[in-house]
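In what follows, a single structure is set out as structure tokens and then discussed.
None of the figures in this text is laboratory data; all of them are computed from the coordinates on show. What you see is a predicted model, and the numbers here were worked out from it, not measured in a lab. Every residue, glycine among them, receives a Cβ derived from its backbone with ideal geometry; neighbour counts consider all protein chains shown.
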Amino acid sequence: MLALVAGGVFLRPGAAADVRRPAPRATPPPTAVVVPVAAPAPRHLPKIDYFGVPAGFPADPRPGSTTAVTEGLHPARHLPVYDAPGGRPRAFLPRTISELPVVAPIVARRPGWVAVLLPSANRRIGWLPAGGWTPIALRDHVEVSLREHRLTWLRDGRRQRAWTVAVGGKRTPTPYGRTFVLGRTGTHGAVYGGLDAIVLAAVPEHRGNLAPGLRDGHTGIHGWARTWAFGRSVSNGCVRIPPEAQRILLRHLGPGTTVHVR
């Protein structure tokens with residue numbers, strides 16, 4: 001009888017093919033996802049407010065990132081914020097700060113946890129477990145180049161407008177890194193163009209170098225009527241922009257919008 005070998009299968013006239021099938025492989029068991037448990041927060045835990053954040057929170061691991069942040073969260077109540085997933089609760093994040101609704105940008109995720117940029121601090125993040133907050137879509141972000149004295153507004157990753165601006169001086173620099181919009185507040189004086197200022201989560205880098213009345217404030221973006229300042233590092237830390245630019249930003253930037261200063 002004639003046997004033909006074809007790809008490992010032996011064929012004989014009048015006989016069925018004898019197929020050598022490999023033994024089935026064992027299916028590995030599914031890997032369990034471990035979600036770190038959130039420790040109960042003490043009632044006496046301090047609250048994050050307009051004037052600062054308690055110590056112990058980790059640094060932003062990507063302060064120079066210009067990647068758009070597309071989602072934030074709004075607390076439904078005072079929520080404990082932790083220094084790591086399953087770590088130590090350090091402070092409560094409130095629903096509002098100085099009557100401004102808090103929307104904190106989500107910058108990292110772990111199973112059952114999210115990390116957000118913290119208000120009233122520079123380049124700090126905190127971790128929150130799932131639940132107790134509402135996700136908020138973020139379409140806009142702003143980039144500020146300190147070297148080029150330029151502010152660029154982007155929506156859905158696409159550049160919308162850009163302007164030459166004034167930034168902080170050597171003793172009162174505009175804080176570097178990622179921050180976000182807290183809200184808006186009124187201004188006093190013709191130099192602001194009669195326009196509200198955009199309040200950022202960032203605070204002065206060197207409070208002692210500021211006049212006493214400015215030390216407890218936040219960094220902001222505001223209109224400025226004196227055009228000679230644009231293209232220079234002359235402010236107290238805020239970003240000064242042309243009044244027509246401020247009108248545009250006030251129409252479009254909401255709480256939680258990330259601002260990337262580099």
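For the chain, what is the percent of antiparallel DSSP beta bridges, rounded to the nearest 5?
On the way: 52 of 62 bridges.
That works out to approximately 85 percent antiparallel.
What FRET efficiency, computed as 1/(1 + (r/R0)^6) with R0 = 41 Å and r the Cβ-Cβ distance, is obtained for Thr66 and Ala211, rounded to the nearest 0.05?
FRET efficiency, Thr66 to Ala211: 0.80.
Assuming R0 = 45 Å, can you tell me the calculated FRET efficiency for the pair Leu146 and Val35, based on Cβ-Cβ distance, to the nearest 0.05?
Working from the Cβ atoms, E equals 0.65.
How far apart, in nanometres, would the label points at Ala162 and Arg139 be if each is projected 7 angstrom from Cα along the Cα-to-Cβ direction?
2.2 nm
Relative to the longest principal axis of the chain, what angle (0 to 90°, nearest 10) does the C-alpha long axis of helix 243-252 take?
Rounded to the nearest ten degrees, it is 40.
Pop out the ³J(HN,Hα) list for region 52-67 in order, Karplus 6.51 cos²θ - 1.76 cosθ + 1.60 with θ = phi - 60°, rounded to Hz; leave Gly and Pro as x.
Working through the residues one at a time gives x, 10, x, 6, x, 7, x, 6, 4, x, 9, x, x, 5, 10, 5 Hz.
List the residues whose amide H sits under 5 Å from the amide H of Val239, counting only those 5 or more places along or on another chain, with H placed 1.01 Å from N in the peptide plane.
For Val239, whose amide H was placed from the backbone, the distant partners under 5 Å are Gly220, Ile221, His222.
Decide, for region 140-261, between rounded, prolate and oblate: order the square roots of the alpha carbon gyration tensor eigenvalues as a ≥ b ≥ c, take rounded if a/c falls under 1.5, and otherwise choose prolate if a/b is larger than b/c, else oblate. Spell out each step's value before the answer.
Details: a/c = 1.35, a/b = 1.27, b/c = 1.06.
In terms of gyration-tensor shape, rounded.
Residues of region 183-226 with amide nitrogen under 13 Å from the 7 Å Cα-to-Cβ point of Val234?
Under 13 Å, as judged by backbone N against the label point of Val234, lie 224-226 of region 183-226.
For the chain, give the magnitude of the charge dipole about the Cα centre (Cβ charges: +1 Lys/Arg, -1 Asp/Glu; no others), in debye to the nearest 20.
In total the dipole reaches around 360 debye.
Could you work out how far apart the two model spin labels at Glu244 and Arg43 are, taking each label as a point 7 Å from the Cα in the direction of the beta carbon, and quote it in nm?
In this crude label model, Glu244 to Arg43 measures out at 5.8 nm.
Go through 133-139, 222-228 and give me the packing order, highest mean Cβ count within 10 Å leading.
222-228, 133-139
Hey, can you grab everything whose amide H is under 5 Å from the amide H of Ile136? Only 5+ residues off in sequence or another chain; H modelled, so Pro and N-termini drop out.
HN-HN under 5 Å from Ile136: Gly72, Leu73, His74.
Counting only DSSP beta bridges with both residues in region 140-261, tell me the antiparallel percent, nearest 5.
Of those bridges, close to 70 percent are antiparallel.
Using each residue's phi in region 205-211, evaluate 6.51 cos²θ - 1.76 cosθ + 1.60 at θ = phi - 60° and report the 3J(HN,Hα) Karplus result to the nearest Hz, with x for Gly and Pro.
Rounded to whole hertz, the list is 5, 10, 4, x, 8, 9, 4.
Treating only the Cβ of Lys, Arg, Asp and Glu as charged (+1, +1, -1, -1), what charge dipole size does region 140-261 show about its Cα centre? Round to the nearest 20 debye.
Computed about the Cα centre, the dipole is about 240 debye.
So which GluC sites (Glu not before Pro) in region 108-217 end up in coil per DSSP with only 11 or fewer other C-beta atoms within 10 Å?
none
Which shape class, rounded, prolate or oblate, goes with the chain when its Cα gyration tensor gives a ≥ b ≥ c as root eigenvalues, a/c under 1.5 marks rounded, and past that a/b bigger than b/c marks prolate? Provide the component values of the computation, followed by the final result.
Working: a/c = 3.53, a/b = 2.07, b/c = 1.70.
Prolate, since a/c reaches 1.5 and a/b exceeds b/c.
Name the long-range amide H neighbours of Asn122: under 5 Å, sequence gap of 5 or more, or other chain; modelled H, no Pro or chain starts.
Val203
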